[in-house]
Amino acid sequence: MDIIDERNVRIQPLNNDWYGNAVAAVDMLRLDWLHPIISGNKWYKLRLNVLYAQEHNYKTLVTFGGGHSNHLAATAHAAKVAGLRSVGVVRGKYLQLTATLEACAKDGMELIFVTQADYSSKQEPEWERELAQHFDEIYIIPEGGANDAGRKGAELICRFIKDSYTHILLSVGTGTTLTGIRNKANVAQQVIGFAPLKQGAYLKEHIAPHLHADKNVNWDVLDAWHFGGFGKCTDELIDFMNEFYSMNKIPLDVIYTSKMMYGVRDMMSSGYFLPADKVLCIHTGGLQGNAMVNHRLLQHHS
Ligand SMILES: *Cc1c(COP(=O)(O)O)cnc(C)c1O
């Protein structure tokens, strides 16, 4: 069963004015065109999990995330389309639902709000015992889809990536998508993750153990472009998103891809790349998370 049609996914070259002579090409893999809600990388991480749950007659998908988690929204929608129930365990209390949580609720996800302390102290088996008492036949997907099925599913993104790219750039949250891509892509290609959170380079410790021994080279996670931390943004970032949209007609999301592309531009001006490099940036989606800044974005008004 494939509930998502991949035919909308394309490679789009960026406007040459955006990168000049810094590199030979910058292309963007438009995974955001996959689906308006199960966008970008989320479907690849969910795909094998949803298949497994269906094949083994589970009735309820349970997963975890914060109030801006695109993974929660994608899981809610995937469950709905696959005919499964869904439950989202949400970190923190919200007086008002975020746009992302509203999207979850709209797709029938039951939301359970837990304190930060509870959220981080409980291990999966504990949650499983507790949730199994309240819901039918639960299949647990860890936060961010960070399990073997998620990493394996992310490998499928490489079907869109030619060997001629010297660099594959993407945003990271859990690093699950990067792991799948590093494991599958040609070993000579540089796979660089951009963490939109402070001190995000620690993610490398979580990624490395899941890499095949022969693929544990030519990859990195950079964390210089966090703009104050996860979910935070500045006027400068909004201006950058608008400028990027004007030049390339590609909408970026405020949590992940805008911070990556800002970093890419910085790296080009500081001479990180060689003029012959061919760079592929992955648009991992997440545009539904822009709701709170949409009124400041050109892309929303054109
Ligand atoms: C979730 C998400 C990521 C991070 O993916 P990981 O596999 O957790 O590293 C990157 N970009 C966007 C837009 C996302 O929604």
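For the chain, adding -39500 (n - 2.57) for each run of n ≥ 4 DSSP H residues and dividing by the number of residues yields -10000 deg cm²/dmol at 222 nm.
Extension gain, His295 to Ala105: 0.36 nm times the residue separation minus the Cα-Cα distance gives 66.1 nm. Across segment 41-145, how large is the tail of the calculated P(r) beyond 17 Å, expressed as a percent of all Cα pairs? Value for segment 41-145: 47 percent of Cα pairs lie more than 17 Å apart. Accessible surface area normalised per residue over segment 28-116 is 38 Å², counting heavy atoms of protein chains with a 1.4 Å rolling probe. Of the residues Asp277, Asp148, Asp118, ranked by 1.4 Å probe accessible area with the largest first, the sequence reads Asp148, Asp118, Asp277. To the nearest ten degrees, helix 257-269 and the longest principal axis of the Cα atoms of the chain are 20 degrees apart. In loop segments of segment 4-112 as defined by DSSP, the chymotrypsin sites (Phe, Trp or Tyr not before Pro) with at most 13 further C-beta atoms inside 10 Å of their C-beta are Tyr94.
Binning every alpha carbon pair distance of the chain at 10 Å from zero, what are the percents per bin? Taking every Cα pair in the chain, the percentages come to 6, 28, 36, 22, 7, 1, 0. Each Lys and Arg contributes +1 and each Asp and Glu -1, all at the Cβ; summed about the Cα centre of segment 41-145, the dipole is approximately 320 debye.
Calculate how steeply helix 41-55 sits against the longest principal axis of the alpha-carbon atoms of the chain, using the helix alpha-carbon long axis, and give the answer as 0 to 90 degrees to the nearest 10. Rounded to the nearest ten degrees, it is 30. Summing Cβ point charges (Lys, Arg +1; Asp, Glu -1) relative to the Cα centre of the chain gives a dipole of roughly 260 debye. A dipole drawn for the chain from +1 and -1 charges on Cβ atoms has a positive end, and of Leu197, His210, Asn8 the residue lying farthest that way is Asn8. What whole-number distance in Å separates the alpha-carbon centres of segment 33-69 and segment 118-161? Between the Cα centre of segment 33-69 and that of segment 118-161, the gap is 9 Å. For segment 259-302, trypsin sites (Lys or Arg not before Pro) are listed when DSSP marks them as loop and at most 16 other Cβ atoms sit within 10 Å of their Cβ; the list is empty. Residues considered: Pro13, Pro209, Pro142. Largest GNM mean-square fluctuation over the chain, using C-alpha springs under 10 Å, is found at Pro209. The antiparallel fraction among DSSP beta bridges confined to the chain stands at about 10%. Measuring spread by the Cα atoms of segment 195-302 yields a radius of gyration and Dmax of 15.3, 48 Å. Build a GNM of the chain with springs between Cα atoms under 10 Å apart, and of Leu101, Leu131, Leu31 the one that fluctuates most is Leu131. Once the Cα atoms are used to define both axes, helix 70-82 deviates from the longest principal axis of the chain by about 60 degrees. Evaluated with a Cβ-only charge set (Lys, Arg +1; Asp, Glu -1), segment 162-279 carries a dipole of roughly 320 debye about its Cα centre, given to the nearest 20.
Of the trypsin sites (Lys or Arg not before Pro) found in segment 1-98, those in coil by DSSP whose Cβ has at most 12 other Cβ atoms within 10 Å are Arg10, Lys93.
Computed from the Cα positions only, the extents of segment 248-301 along the three principal axes stand at 37, 18, 18 Å, in decreasing order.
The values are calculated or read from the model by the stated rules, or taken from the named source; none is laboratory data. Just so it is clear, the structure is predicted and the values come from calculations on it, not from any experiment. FYI the Cβ positions are ideal-geometry reconstructions off the backbone, even for glycines, and counts take in every protein chain you see. Remember, those area values only see protein heavy atoms, side chains included, never the ligands or the DNA or RNA. Shrake-Rupley method; radii C 1.70, N 1.55, O 1.52, S 1.80 Å.
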